[in-house]
Amino acid sequence: MVGAESKIDIRKLTLEQLRSHLTAMGEQAFRAKQVYEWLWQKSCTDFDQMSNLSKPLRDNLKRVFAIHAVNVNRAQRSADSTIKSSFMLYDGNIIEGVLIPAPDRMTACVSSQVGCSLTCKFCATGYMDRKRNLHADEIYDQVVLIGRQAQENYGRPLTNIVYMGMGEPLLNYANVLASVERITAPDGLNMAARRITVSTAGIAKMIKKLGDDQVRFNLALSLHAANDRKRNEIMPINEQNSLRALAEALKYYYAKTKNPVTYEYIVFDGFNDDLSDAQELAAFCKHVPAKVNIIEYNPIAFADFENATEDRIDRFADLLRQRGIVTNIRRSRGKDIDAACGQLAIKETENPTV
Ligand code: SF4
C-alpha cells in the first residue's frame with residue numbers, strides 16, 4: 001500500500017512520463033492519453049469520475065497517484081458582481097483569486113505564489129511572507145474554478161486571464177509558463193494566449209527570459225512611477241531592477257516577441273499624480289510600443305496611500321493621450337470585499353458568501 005504522502009502527483013507528469021508509468025504498471029499505453037484528457041481537458045480531479053476507465057485501472061491509479069486539487073474555501077460576491085474566492089491547497093495553504101465580470105469580457109485574476117517575497121508598499125500581499133510557489137496545476141485549477149463561477153453565476157465563459165493575484169509570477173517562472181501551456185493547449189483548456197496577461201513588478205532578467213522563450217501571452221509591467229527615486233520608495237525590487245535595466249530588458253523582449261507591453265500605473269494622491277510624473281511616464285513609453293492602464297487605488301490598512309482625485313487622474317491621462325499613448329482608466333472592482341488590485345491578503349470579512 002502506498003501512503004498518501006508518497007503517491008506521485010499525477011499532474012506533474014508529462015504525457016510521455018504518464019505513459020511510461022502506466023506501461024510499467026502493466027497497463028496499455030493508450031490509457032495514458034485517456035487519463036491525460038480527463039486531467040487537463042475535462043479538469044477532472046477524482047479518479048472515480050473517469051468513467052471510460054475500468055474499475056481495476058481506476059483503483060490502480062488511486063493506489064499510485066494523487067491529484068492535488070484546489071478547492072473553493074470561500075467565495076464572496078461584491079456589490080459590483082465581482083466574485084473573490086479563497087482557495088484551499090492540498091497542503092492547507094490558502095490563496096485568492098477573483099472573477100471580474102464586465103459587459104465585454106469575463107476575467108479571472110489568479111495567484112502565482114502563496115504570499116509574496118516582494119514588498120511593494122501599497123499592496124496587502126506584500127505584507128505577507130512568501131510561503132511557496134504554486135504548482136502549474138494549482139494555477140490551472142484556479143482558472144477552472146473561476147471559469148465555473150462565471151458559468152454558474154453569469155452564464156458566460158471566461159474570456160481573459162490575468163496573473164495579477166498574489167505573488168510575483170516571474171519568480172515562479174517555470175510553473176507560470178507550464179500553467180499557460182496547459183491553459184492554451186488544444187488538449188488542455190484551449191484558450192488563446194493573447195487572452196492571457198502576466199503581470200510583473202519588474203524583474204529585468206526574467207523579462208529577457210520571456211523574450212528568449214518567445215512567449216505569446218501579454219506582458220504587463222506594474223510601473224507606478226517612471227522615476228527611480230519614487231519607484232524605489234514604493235517598490236523595493238526597483239533597487240536591483242532600475243528603470244534603465246527594465247527599459248533594456250523590455251527592448252530585448254520586444255525585439256524577440258514583437259509583443260507590445262502594458263504599463264500598469266496606480267495614481268497615488270500627492271505622490272505620482274503630477275503632470276511631471278505623467279511626462280516621465282510618457283518618456284518611458286518611448287522605449288517599446290506600449291499602452292498604459294491607469295488603475296484606481298484601493299487603500300489598505302497597512303499603508304498611508306490614497307487614491308488621486310478624479311480630476312487629477314483625468315489630467316494625467318489626458319497628457320499621455322496628447323502624447324499619442326493609448327491610455328485606459330481602470331476603475332476598481334470588488335473594493336467592498338477586498339478583491340481589488342493590491343488588496344488580496346486572506347482576511348475574513350462580513351460580506352455575503354456566493
Ligand atoms: S504588487 Fe505583486 S509583486 Fe508587489 S508585493 Fe503585491 S503581489 Fe507581490
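The values are calculated or read from the model by the stated rules, or taken from the named source; none is laboratory data. Just so we're clear, the structure is a prediction, and the values are computed from it rather than from any experiment. All Cβ positions, even for glycine, are placed from backbone atoms using ideal geometry, and neighbour counts span all protein chains on display.
Some notes on this structure:
- Cβ pairs under 9 Å, 6+ apart, first in segment 109-134 and at positive phi and in a loop (DSSP other than H, G, I, E, B), second near the ligand (Cβ under 8 Å from one of its atoms) and of a type in the set (S, T, N, Q): 115/125
- Residue check for residue 227: in contact with a helix residue (DSSP H, G or I) (Cβ under 7 Å, 6 or more places away or on another chain) and within 14 Å of the ligand (Cβ to nearest atom): no
- Residue match in segment 39-46 (condition: aromatic (Phe, Trp, Tyr) and over 16 Å from residue 182 (Cβ atoms)): no
- Residue within segment 22-39 that is charged (D, E, K, R) and touching a Phe, Trp or Tyr at 6+ places or on another chain (Cβ under 9 Å) present: no
- Residue check for residue 62: assigned to a helix (DSSP H, G or I) and modelled with pLDDT of 95 or more: yes
One line per residue, one yes/no per condition, for (1) under 22 Å from residue 294 (Cβ atoms); (2) within 16 Å of the ligand (Cβ to nearest atom); (3) surrounded by fewer than 18 Cβ atoms within 10 Å (Cβ to Cβ):
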| site | (1), (2), (3) |
| --- | --- |
| 162 | yes, yes, no |
| 166 | no, yes, no |
| 194 | no, no, yes |
| 200 | yes, yes, no |
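- Filter result (aliphatic (A, V, I, L, M) and either touching a Leu at 6+ places or on another chain (Cβ under 6 Å) or within 13 Å of the ligand (Cβ to nearest atom) (or both)) within segment 125-148: 128, 134, 146
- Search result, residues across segment 325-344 that are among the small types (Gly, Ala, Ser) and either touching a strand residue (DSSP E or B) at 6+ places or on another chain (Cβ under 8 Å) or at pLDDT 70 or above (or both): 332, 334, 339, 342
- The one condition in (1) in a loop (DSSP other than H, G, I, E, B); (2) away from the ligand (no atom under 16 Å from the Cβ) that residue 281 fails to fulfil: (1)
- Qualifying residues in segment 173-192 (those that are surrounded by fewer than 24 Cβ atoms within 10 Å (Cβ to Cβ) and under 17 Å from residue 117 (Cβ atoms)) - the one farthest from the ligand (Cβ to nearest atom): 174
- Which numbered condition residue 122 misses (of (1) within 14 Å of the ligand (Cβ to nearest atom); (2) among the hydrophobic types (A, V, I, L, M, F, W, C); (3) more than 23 Å from residue 263 (Cα to Cα)): (3)
- Qualifying residue in segment 101-114 (condition: more than 17 Å from the chain's Cα centre (by Cα), of a type in the set (Lys, Arg) and surrounded by fewer than 17 Cβ atoms within 10 Å (Cβ to Cβ)): no
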